[in-house]
Every structure is written in structure tokens, then in C-alpha cells.
Amino acid sequence: MRIATWNVNSVNARLPTVLEWIQAANPDVACFQEIKCVDEKFPREAFEDLGYNVETHGQKSYNGVALLSKYPLSDVRRGLPGDETDEQARYLEALIEAPRPIRVASIYLPNGNPLGTEKFAYKLAWFQRLQNHARELLALEEPLALCGDYNVIPEAEDAKNPAAWAEDALFQPESREAFRALKWLGLADSHELGREPAGTFTFWDYQAGAWQRNHGIRIDFAMLSPQAADRFRAIETHRDARDMEKPSDHVPVVVDLDLEA
């Protein structure tokens, strides 16, 4: 099974680019983040015509996540548990009913900037909620992939210029510690499983020639439970997508798992 994760940065604004990529890469499951539309405005038919079942958890103009699957989707969860007052659309989870089922979540973790505001506190609280929920999912002892834009730079090698991010929420000690705590529950980073080299980035800002200068960071992840990690086969970071027409500032990450029954 091929599982992709991609912050598309507005699915409707970039629909031709997204469709071109998905037809070429042909993932079995795709996790989108920052779709930036309500559910009714998601271009469902365009993906259904390619053979995908579609679930969305949308929000007007901001955030929003989607799951596309060539297999049926069940046990769908919209929203991360732990805060009933949270109205931001950042989490979507479903069971992919493949011959060997796998639970997949599309995650758009809060950015957290600027520091010293409620936005950073919200980021850390959201991270804690994710950790609590991931602990419950791991207790099921089933194949699980938590995929998405985590808005965290785990290590200095995950940024071309770490010093440039010293005052950014993505690189704060608290953010990095929260990511490690999540990982230490028993999740494997596909990037490490596939031994991708340092400097494998997934995001380049649109400003200041970041793409042309390769001033990137790695903030998009496919985190796997032990039952999924045991079936890991390969990972590809599709850097070329940043050179497509009207690109997102993120590129897709694609993980191959052997999930034959």
C-alpha cells in the first residue's frame, strides 16, 4: 500500500497541480492538509473520478484536512478528542478497509506563532491531546499511520539554516520535546526507517528565494505504529513537486507498506 501525505495549501487554488501529481504518483491513500475549504466546497468529484473514496473535515478559508482512499473508509473520526470547544479542523482519522486494514490519520498540527501568545499554548496543548489519543490508538496494536504537517523541526539537521528558526515556534525546545514524547510512545518516523539523508526537506517558504537557495525544513511526517513499521518498504519525498506549476510550499511524502493479507 502506498500512503501519501501532503499539505496542499488550498486544494481548490491548486487543483490542476494536485490532480496531476496524484495521477502520476498513484497513491492508494492520500492525506491532505490545509485544504482551506468547507466540506461542501471540496472538489470531491475530481478525486472520485480517479477512483478515490473521499472524507473531509473542512473549515472556511483556513486549516482543513482530507483523506482519499482507493479502499472503503470506515470508523471515521473528525476532530482530535480532548477539547470539545476546539473548532479548528486539523484532524481526520479513518480505518482503511484494505485486505489488511490500516488506520490512517491526516494531521495538521498548529503552527504556534508568534511565541508568547495563546497560539503557542494552543500548539502545545494540541500536541498533548495528540499524544493522549495516539496512546489509545497504539493500545489497539494494529497497523497505524499518523501522517501530516506536524509544524515542528525535530533536529537541527532538519533545517538548512537552523539559526534562522531559533525564534520560531516550530523549533522551540517545547515543540521538539512534544514531538519526541509522541514518538517515544512507540511510533517510528518513516524518514528514519528509510534512511533518507539529512537535508531531505519538505517545506520551502515562498519568500526570499527559499526554494532556489534550498533553505528548507522537514516538518511533514508519516509516523508508524510497530505493526505498520514492521511492514515498511520504502519512502519517497517528492521534491520535484515544488517545481510544478503553482506549487504548494510543501511537497508530498510517500510511504510504501507491505500490507498484503
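The values are calculated or read from the model by the stated rules, or taken from the named source; none is laboratory data. If you're wondering where the values come from, they're calculated on a predicted model, not measured in any experiment. When we count neighbours, we look across all protein chains shown, and the Cβ atoms used for this are built from the backbone with ideal geometry, even at glycine. Quick note on the areas: whole protein, heavy atoms, side chains included, nothing else; ligands and nucleic acids left out. Shrake-Rupley method; radii C 1.70, N 1.55, O 1.52, S 1.80 Å.
Over the Cα atoms of the stretch 118-209, the radius of gyration divided by the Kirkwood radius equals 0.98; this is the Rg/Rh ratio. Taking amide H atoms as placed 1.01 Å from N in the peptide plane, the amide H of Ile107 lies under 5 Å from those of Cys147, Gly148, Asp149, each 5 or more residues away in sequence or on another chain. Taking only protein heavy atoms and a 1.4 Å probe, the accessible area of the stretch 159-261 is 47% carbon and sulfur. Cα centroids of the stretch 97-158 and the stretch 1-76: 18 Å apart. Shown are His191, His215, whose ranking by accessible area with a 1.4 Å probe and every protein chain present, most to least, is His215, His191. Inter-label distance, Glu174 to Leu140: 3.1 nm, where each label sits 7 Å from its Cα along the C-beta direction. Ranked by solvent-accessible area (1.4 Å probe, protein heavy atoms only, all chains present), the residues Met223, Met1 order from largest to smallest as Met1, Met223.
Does the stretch 34-185 come out rounded, prolate or oblate, given a ≥ b ≥ c as the square roots of the eigenvalues of its C-alpha gyration tensor, rounded meaning a/c under 1.5 and, failing that, prolate meaning a/b above b/c? Prolate. Taking the Cα atoms of the stretch 158-261, the ratio Rg/Rh between the radius of gyration and the Kirkwood radius comes to 1.00. For the chain, with a Gaussian network of springs between Cα atoms less than 10 Å apart, report the residue from Pro162, Pro114, Pro226 with the top mean-square fluctuation. It is Pro114.
Summing Cβ point charges (Lys, Arg +1; Asp, Glu -1) relative to the Cα centre of the stretch 57-143 gives a dipole of roughly 300 debye.
Applying the criteria of a DSSP loop state and at most 14 other Cβ atoms within 10 Å to the chymotrypsin sites (Phe, Trp or Tyr not before Pro) of the stretch 129-229 yields Trp184, Tyr206.
Charge dipole of the chain (Cα centre as origin; +1 on each Lys and Arg Cβ, -1 on each Asp and Glu Cβ, all else neutral): 260 debye, rounded to the nearest 20. Placing dummy labels 7 Å off each Cα toward the beta-carbon, the span from Glu192 to Arg100 is 2.2 nm.
Using a 1.4 Å probe over the heavy atoms of the protein chains, calculate the carbon and sulfur portion of the accessible area of the stretch 44-88 as a whole percent. Of all accessible area on the stretch 44-88, carbon and sulfur atoms account for 38 percent.
Rolling a 1.4 Å probe over the protein heavy atoms gives the chain an accessible area of 44 Å² per residue. Along the axis of the charge dipole computed for the chain (Cβ charges of +1 for Lys and Arg, -1 for Asp and Glu, origin at the Cα centre), the listed residues Leu68, Ala163, Ala181 are led at the positive end by Ala163.
Taking θ as phi - 60° and the Karplus parameters 6.51, -1.76 and 1.60, the scalar couplings of the stretch 94-99 work out to 7, 8, 8, 8, 7, x Hz in sequence order, x denoting glycine and proline. Does the chain classify as rounded, prolate or oblate by the C-alpha gyration tensor (a ≥ b ≥ c root eigenvalues; a/c under 1.5 gives rounded; else a/b over b/c gives prolate, otherwise oblate)? Rounded is the answer for the chain, as its axis ratio a/c remains below 1.5. Applying a DSSP loop filter and a limit of 13 other Cβ atoms within 10 Å to the GluC sites (Glu not before Pro) in the stretch 183-261 leaves Glu245, Glu260. Charges were assigned to the Cβ only: +1 to each Lys and Arg, -1 to each Asp and Glu. The resulting dipole of the stretch 1-103 about its Cα centre is roughly 280 debye. Evaluating 6.51 cos²θ - 1.76 cosθ + 1.60 at θ = phi - 60° for every residue in the stretch 168-178, the Karplus couplings come out as 9, 4, 5, 10, 6, x, 5, 5, 5, 5, 5 Hz, glycine and proline recorded as x. Straight Cα distances below 29 angstrom link Lys60 to the lysines Lys36, Lys41, Lys70, Lys119, Lys123, Lys246, with same-chain residues fewer than 8 positions distant left out.
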